[in-house]
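The values are calculated or read from the model by the stated rules, or taken from the named source; none is laboratory data. Just so you know, these numbers come straight off a predicted model, no measurement behind them. Cβ sites come from the backbone with ideal geometry, for glycine too, and all protein chains shown count toward neighbours. The accessibility values were calculated without ligands, DNA or RNA, using every heavy atom of the protein model including side chains. Shrake-Rupley method; radii C 1.70, N 1.55, O 1.52, S 1.80 Å.
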Amino acid sequence: MVQSITWKIGGEAGFGIMASGMMLARAFSRHGYYIFSLNEYPSLIRGGHNAVTVRLATEPFHSLDRSLHILVALNKETVEIHKKDMREGTVLVFDPNDYAWKPDEVPAGVTLLPIPLRELVQKKGGDVIMRNTVALGASMAILGAPFEYLSDVISDQFKKKGEAVVNHNLDIARAGFDAVGETKADFSALKLNPPAKPEDYLLINGSEAVGLGAVRAGLKFAAIYPMTPINSLISFLADHAKSLGIVYKQPEDEIAGINMAIGAALSGVRSMVATSGGGFALMVEGLSLAGMIEVPIVIDMGMRVGPATGMPTWTEQGDLQFIVHAGHGEFSRIVLAPSNALEAYEFTILAFHLAEQFHVPVFVLTDKYLNESQWCVAAARMKGAVTIDRGKTMPEGTAPSEKSFKRYDLTSPDGVSARSFPGMKGGQYVANSYEHDETGLVSEDPAIRTAMVDRRLKKLASIKKIILPPVVYGDQTATQAIVTWGSTLGPVLEAMKLTGFQIHGAPTKVIYFPWLYPFPVVEAIAALKGVTRIIDIEQNGTGQLASLMREQAGIEITEKILKYDGRPFYPEELLEKLEGRKS
């Protein structure tokens, strides 16, 4: 019996690859196992190779590794593409009627398990697309899990289609389960131990976690134009808009989206937009408008491979510098970067509070790997009470003596002046994209201009007082340090766990930056005190975190491990680069 198993299924798009991964993950997560699921697919409307990798474990872990215990190949191409991932002991499930693999055609030590997937489906009167259901049944048998793990998920998945459909799918899955038993092969080495400490887990992707956090934070309006990789957020908000009491609108483009969200925020509701790099490029003028009129808005920016269209369905951390410096003119903003689904939930709640506390745009900087992967989150972590603080607002019914409300009051010591909402007596002001006076009226007076810029930038000093410091893992006194951000933290922690937080035997700490702007200068310098070697690990070609640290804190980092091929890091890959070890 083992503590961790990695299962992968691959085949042509349209043959239920993604659904298979989700169902296997649910089957085990419901019984207390810790799950992580990664999908891979090309940017095609139809066709191309799809794959889902699911890691199942008895205890929490931080990322996938290079292990591959079971490969389910629904076509020949799957084996050819993933042959390099197979190891001694990998079980290859395939249909011999499609292609009969021979031992000399796969890596040494791979166990070949031919299952007549198509034939079993046809015997049960099913469509060829249901080969994936046979394969799921076979996988449960290989893993030594009760068939009921899968049957419960199938029943829930198809119950809306009626009992006949449920039973038909169960029969086909059982055929795959029984077929493995008939081979008399011994797969006891792949049987998972019971979970060490069963918990009630939610299986959720990063975009859904952002959506759930937004709703818990009081979201009332979202205007989002579809763009990979944030589309699951749209599905979540659109599907549940009525029951959640929110308004979701799909605008004609990203420019309209951010302007609609700004309008909603001005009217007094919490609003957000979401996009990726190309879409955000269209939003930049709107971002500056939000900066000038000081409207609180949350932006979920899901990074993918660029520039231009790039590789739309693959992951990268290439937009950090773009987000920090986007917009014409100078104004305050906040940039948060969660590393997993739980932080995506928590940081989104925080983003809404910060936006209204300081009247600034707040970014939740995610990526395809975080947005679309399935993560296990303890349900209890998402059930805590959320207190909503609307920040400084004009007290209802207290009409000032002036004709118009001083929305941009220059006397505010922290740069944040109270805002009013439409309909408030005495709360009228002009939300003007031009430079303006305290009531929003256009002004080109040099003294007013200088005062307004100073007041808007004064917010940065106020924000820095409540900044999230970097999180340090490992020996706090270590003289070697890895710095990283976002979803790259997971593979880094998994790599360090394999070495006991050492590199070449020397203690090493990991410094993770969840808050990227305003950059935590004082906190970063404190975390790096006594460190003589700094290694920057991130998923882009230039080391954008390292550049930000040099720009903001004067910290020079010359040693970098960078990856920008669209795929996330593996822990073993990092160890190869850090220690020269071969996996």
* **Failed item, numbered, when Gly176 is tested on (1) surrounded by fewer than 22 Cβ atoms within 10 Å (Cβ to Cβ); (2) more than 21 Å from Tyr369 (Cβ to Cβ); (3) in contact (Cβ under 8 Å) with a residue 40 or more places away in the chain** => (1)
* Has region 552-575 got any residue that is assigned to a helix (DSSP H, G or I) and in contact with a strand residue (DSSP E or B) (Cβ under 8 Å, 6 or more places away or on another chain)? -> yes
* To do: Give the residue, chosen from Glu435, Glu494, Glu444, that is surrounded by 15 or more Cβ atoms within 10 Å (Cβ to Cβ) and farther than 21 Å from Ile561 by Cα.
  => Glu435
* In region 177-191, what count of residues is obtained for those that are closer than 14 Å to Leu150 by Cβ and in contact with a strand residue (DSSP E or B) (Cβ under 9 Å, 6 or more places away or on another chain)? -> 1
* Asked: What number of residues within region 213-238 are surrounded by fewer than 22 Cβ atoms within 10 Å (Cβ to Cβ), in a loop (DSSP other than H, G, I, E, B) and not aliphatic (A, V, I, L, M)?
  -> 3
* Asked: Does Gly279 qualify as being crowded, with 22+ Cβ neighbours inside 10 Å and over 15 Å from the mean Cα position of the chain (by Cα)?
  -> yes
* Do we have any residue at all in region 500-511 that's over 30 Å from the mean Cα position of the chain (by Cα), of a type outside the set (Phe, Trp, Tyr), surrounded by 14 or more Cβ atoms within 10 Å (Cβ to Cβ) and assigned to a loop (DSSP other than H, G, I, E, B)? -> no
* To do: Please find, within region 85-123, the residue that is nearest to the chain's Cα centre (by Cα) out of those that are in a loop (DSSP other than H, G, I, E, B) and among the hydroxyl-bearing types (Ser, Thr, Tyr).
  => Thr90
* Asked: Using beta carbons and a limit of 9 Å, which pairs, at least six apart or on different chains, have the first residue in region 82-95 and more than 21 Å from Tyr41 (Cα to Cα) and among the hydrophobic types (A, V, I, L, M, F, W, C) and the second one open to solvent by less than 70 Å² (accessible area, probe 1.4 Å) and in a loop (DSSP other than H, G, I, E, B)?
  -> Val91/His69; Val91/Val110; Val91/Ala185; Val91/Phe187
* Based on what the data block shows, is Ser373 within 29 Å of the chain's Cα centre (by Cα) and closer than 30 Å to Glu199 by Cβ? -> yes
* To do: Considering each residue of region 124-169, count those that are more than 33 Å from the chain's Cα centre (by Cα), farther than 24 Å from Gly10 by Cβ and in a helix (DSSP H, G or I), and give that number.
  => 5
* Structure fact -> Within region 283-304, the count of residues that are under 22 Å from the mean Cα position of the chain (by Cα) and open to solvent by 10 Å² or more (accessible area, probe 1.4 Å) comes to 1
* Asked: Can you find even one residue in region 315-327 that is within 29 Å of Met22 (Cβ to Cβ), of a type in the set (A, V, I, L, M, F, W, C) and touching a residue at least 12 places away in the same chain (Cβ under 8 Å)?
  -> no
